[in-house]
1. Using label points projected 7 Å from each Cα along Cα→Cβ, tell me how many nm separate residue 76 and residue 13, to one decimal.
2. To the nearest 0.05, how large is the calculated FRET efficiency for residue 46 and residue 68 if R₀ is 25 Å and r is the Cβ-Cβ distance?
3. Could you work out, for region 25-64, what percent of all Cα-Cα pairs fall into each 10 Å distance bin, beginning at 0 Å and stopping at the bin that holds the largest distance?
């Protein structure tokens with residue numbers, strides 16, 4: 001119904017009278033899909049959460065290590081009292 005109210009009626013019939021109903025129908029559709037997924041246990045939520053936590057740790061550890069190494073190296077090379085603008089211009 002959302003595509004009918006937001007796309008087909010305005011484009012084909014030049015009728016913008018029901019455009020406000022598109023987001024409502026989309027929300028109802030998303031809620032019904034979420035309910036069906038949870039009700040039938042279509043996706044294993046624990047596996048999704050565990051996989052997400054693993055990816056965050058897997059990507060976060062190198063990113064934090066790189067950031068710490070970058071800050072330590074820049075302080076060693078440019079000194080502790082150098083501002084960021086001085087470091088970027090090589091002063």
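1. Result for the modelled spin labels: 7.1 nm.
2. Numbers: r = 32 Å, r/R0 = 1.29.
For R0 = 25 Å, the calculated efficiency reads 0.20.
3. 26, 29, 27, 17, 1
Where a number appears in this text, it was derived from the coordinates with a stated rule and is not lab data. Here the structure is a predicted model, which means the values were calculated and not measured. All Cβ positions, glycine included, derive from the backbone under ideal geometry; neighbour counts span all protein chains shown.
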